[in-house]
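What follows is a set of notes on a single structure, which appears directly below.
The values are calculated or read from the model by the stated rules, or taken from the named source; none is laboratory data. Since this is a predicted model, take the numbers as computed values, not measurements. Cβ placement follows ideal geometry from the backbone for every residue including glycine, while neighbour counts extend to all protein chains displayed.
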Amino acid sequence: MNATPAADTQGAKEAEVRTGGCLCGRIRFTAQGPAVFPHTCECDHCQKLGGTPVMWWVGFKTITWTGEGGEPTWYETFPGEAKRGFCPTCGSRVAAIDSDIPEIGINVTALNDTSGEDLVPIHASFHDNAVRWLPSVAQTAPSATG
Ligand SMILES: [Zn+2]
Ligand SMILES: [Zn+2]
C-alpha cells in the first residue's frame, strides 16, 4: 500500500462535512473544516453545565445551524468572552464560542459520527479538577490555550 500524500489528506479533511445536533433534533448543524484540537475538559463550568465529570470538545472553522430551532440558546459563562450553546427544549449541550479561539467549539457527543480518529482527545484540560476515579486521556499535545 502507498502512503497518502499529506497534502491530499489535508485537502480531504478540509472538504469533509459532518452533521450533528441535539437529542430532540430541533438544533441541527453541519460542521466544515478539519477537526481542531480535540480535547476533554474537566473545568468547573464543563462539569456543572454538562452534568458530567468530563466534556469532550473539538473545534471547527465553520458551523451552519440547519435545524428548525436555529442557533442554540447561548449562556454566557464569561460575559463578552465565552458562551455555551444548548437546546432550550431538550437541554443538550452542543457548542461553545470563546472570543480568543477562532474555531467554534462543538461537543463531540453532539456529532452524529464520533468515531473519527481525528476526534480522539489529544489533551485533557483542567485535569487537576477531575474526579479521582476517572483516568485521564493520553495527552499527546499541550494546551492550545493555556
Ligand atoms: Zn433538543
Ligand atoms: Zn471546561
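Structural remarks
Let's see how each residue does on (1) surrounded by fewer than 21 Cβ atoms within 10 Å (Cβ to Cβ); (2) over 17 Å from residue 35 (Cβ atoms):
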site: 103; (1), (2): no, no
site: 119; (1), (2): yes, no
site: 122; (1), (2): yes, no
site: 127; (1), (2): yes, yes
site: 137; (1), (2): yes, no
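- Flag if residue 96 is within 11 Å of ligand 1 (Cβ to nearest atom) and in contact (Cβ under 8 Å) with a residue 24 or more places away in the chain: no
- Single residue of 34, 53 found to be modelled with pLDDT of 95 or more and more than 13 Å from ligand 2 (Cβ to nearest atom): 34
- Qualifying residue in the range 46-68 (condition: in contact with a Pro (Cβ under 9 Å, 6 or more places away or on another chain), among the hydrophobic types (A, V, I, L, M, F, W, C), surrounded by fewer than 21 Cβ atoms within 10 Å (Cβ to Cβ) and under 14 Å from residue 21 (Cβ atoms)): yes
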